[in-house]
Amino acid sequence: MADLWGGRFTKATDQEVFDFNESLSFDKRLYRCDIEGSLAHAKMLGKQGIISAEEAESIVSGLKSILADIENGTLTFGPQYEDIHSFVEANLIDRIGDAGKKLHTGRSRNDQVALDMKLYTRTELDKVNELLNVLQKTLLDLIKANKETYMPGFTHLQKAQPVTLAHYLSAYLEMFLRDSERLCDIRKRLNRCPLGSGALAGTTYPLDRDFVAKELLFDEATTNSMDSVSDRDYLIEFLSALSVIMMHLSRFSEEMILFNSNEYRFVEMDDAFSTGSSIMPQKKNPDIAELVRGKTGRVYGDLMALLTIMKGIPLAYNKDMQEDKEAAFDAMDTVKSCLHLFTGMLSTVTFRKDVMEKSAMNGFTNATDAADYLVVKGVPFRDAHGIIGRIVLTCIEKNCSIEDLSLAELKEICPVFEEDVYDAISLKTCVNKRNTKGGPGSEAFEEAVQFYEKRILLDK
Ligand code: ARG
């Protein structure tokens, strides 16, 4: 055990208290951020003449050697340290002696941990955005290849109107583009540097906070020291954006599971992304999609944990805030692996175009268009709706589709029908006539694709 507060205490910390209190076992992953922050702090202390130039140089090279040794595996995280901050500081003192004791001048672990978590979160946010970008590109490729793949669109999980697979996939692309936008918004608010806020009330040393902010690629330094050490809003915002990403992935997963079922057979998962059953030889299960759907609950849980941890914390730093880490790290790790695996699954899935198209042709997905046909011929929409309703009933009795009825049969129900009805209610016409902005019609859709191409390139 290496306490940082020896002076005031007459007894060593109880071992169980130490174990309960420590965070090194999980905050060790902050080592790079912690060292980067300390490098900037040390340079600033030297530049400001708070420590000598030689001391600053010696601290910088000591920190760099610690970083190198952690990365090459020669320096491991011993259990005697409380957290990553004390681990790095103690190792620095071991390596360079007294100069190392000056690193913590004008700094507290409170602003240090606030900085480390922000640096870590910023990198993770960028990684999530990159993974989203790969998913978006995968979707765009599928979209471009399936502009003429027809499938039924559903409402209430009942066949409603025909769409194209490209149009359907674009709905998910829209969601993932919004997710990227959300991350970029969050990044702007996150990108203010808390270092220099001290324990809670700043410091009497002439720190150059703007220098540190710039060194660490922040847009600016924060403006209130009490808020700076106890702000975890950016984490809550990030976890809520991650929850929304998971919600989108989960909806998509749910549909892939459904479409992969024996009943739908719209898609077939690749063998490499499926699993078998230990007892039922015929099984090929969509475990990846199911796990992504399941892990959504876990990420929501992490967000709820963080919100609940923060709700009763008085200003400024309190140890409760150490509890932010495991929840936040879990959410970040989970979302990254879900995005990666889901993208792999999606890029290897086979879409059974024949089954989708056949399904779109059954189930009266052209009923609205049949009514619209009558409207064009002068029948008021409400009457047309009733006429087509009767036609659907006849078809159900005869177990056929609208286009299977002869012109004579159609005319018997409504004399307005002519030979051109068959073309008007064909699958292709039904889809391609829908050219309102955002619709699946070929002209409208072409515009959407151009928009996606620009957006995805921009987000790179
Ligand atoms: N391990 C602590 C955390 O994660 C670091 C800050 C400790 N500060 C303190 N005053 N005890 O929050």
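Tabulated values for the structure
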| quantity | calculated |
| --- | --- |
| Total residues in the stretch 315-343, condition part of a helix (DSSP H, G or I), among the aromatic types (Phe, Trp, Tyr) and within 16 Å of the ligand (Cβ to nearest atom) | 1 |
| Residue among Gly312, Gly297 that is away from the ligand (no atom under 16 Å from the Cβ), open to solvent by 40 Å² or more (accessible area, probe 1.4 Å) and not in a helix (DSSP H, G or I) | Gly312 |
| Cross-chain or 6+ apart pairs with Cβ under 7 Å, the stretch 110-123 first and more than 13 Å from Ser38 (Cα to Cα) and in contact (Cβ under 8 Å) with a residue 60 or more places away in the chain, then within 9 Å of the ligand (Cβ to nearest atom) and open to solvent by 10 Å² or more (accessible area, probe 1.4 Å) | Asn110/Ala199; Asn110/Tyr317 |
| Residue among Leu169, Leu157 that is closer than 30 Å to Asp369 by Cα, open to solvent by 60 Å² or more (accessible area, probe 1.4 Å) and not β-branched (Val, Ile, Thr) | Leu157 |
| Failed condition for Asp423, given (1) outside any loop (DSSP other than H, G, I, E, B); (2) surrounded by 12 or more Cβ atoms within 10 Å (Cβ to Cβ) | (2) |
| Subset tally (residues that are more than 22 Å from Pro380 (Cα to Cα), in a loop (DSSP other than H, G, I, E, B) and either touching a residue at least 60 places away in the same chain (Cβ under 8 Å) or open to solvent by less than 50 Å² (accessible area, probe 1.4 Å) (or both)) for the stretch 427-441 | 3 |
| Counted residues, the stretch 206-225 - those being surrounded by fewer than 15 Cβ atoms within 10 Å (Cβ to Cβ), touching a residue at least 40 places away in the same chain (Cβ under 8 Å) and either assigned to a helix (DSSP H, G or I) or touching a helix residue (DSSP H, G or I) at 6+ places or on another chain (Cβ under 8 Å) (or both) | 0 |
| Test: Leu115 is in contact with a Cys (Cβ under 8 Å, 6 or more places away or on another chain) and open to solvent by less than 10 Å² (accessible area, probe 1.4 Å) | yes |
| Restricting the stretch 79-105 to residues that are more than 34 Å from the chain's Cα centre (by Cα) and within 16 Å of the ligand (Cβ to nearest atom), the residue that is least open to solvent (accessible area, probe 1.4 Å) | Leu103 |
| First in the stretch 296-311 and of a type in the set (A, V, I, L, M), second anywhere and not in a helix (DSSP H, G or I), Cβ under 9 Å, 6 or more apart | Leu306/Arg232; Ile309/Arg232; Met310/Arg232 |
| Test for Leu200: is it more than 30 Å from Lys437 (Cβ to Cβ), within 16 Å of the ligand (Cβ to nearest atom) and touching a Ser or Thr at 6+ places or on another chain (Cβ under 8 Å) | yes |
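The values are calculated or read from the model by the stated rules, or taken from the named source; none is laboratory data. Keep in mind the model is a prediction, meaning the values are calculated, not measured. So basically every Cβ, Gly included, is an ideal-geometry build from the backbone, and we count neighbours across all protein chains shown. Quick note on the areas: whole protein, heavy atoms, side chains included, nothing else; ligands and nucleic acids left out. Shrake-Rupley method; radii C 1.70, N 1.55, O 1.52, S 1.80 Å.
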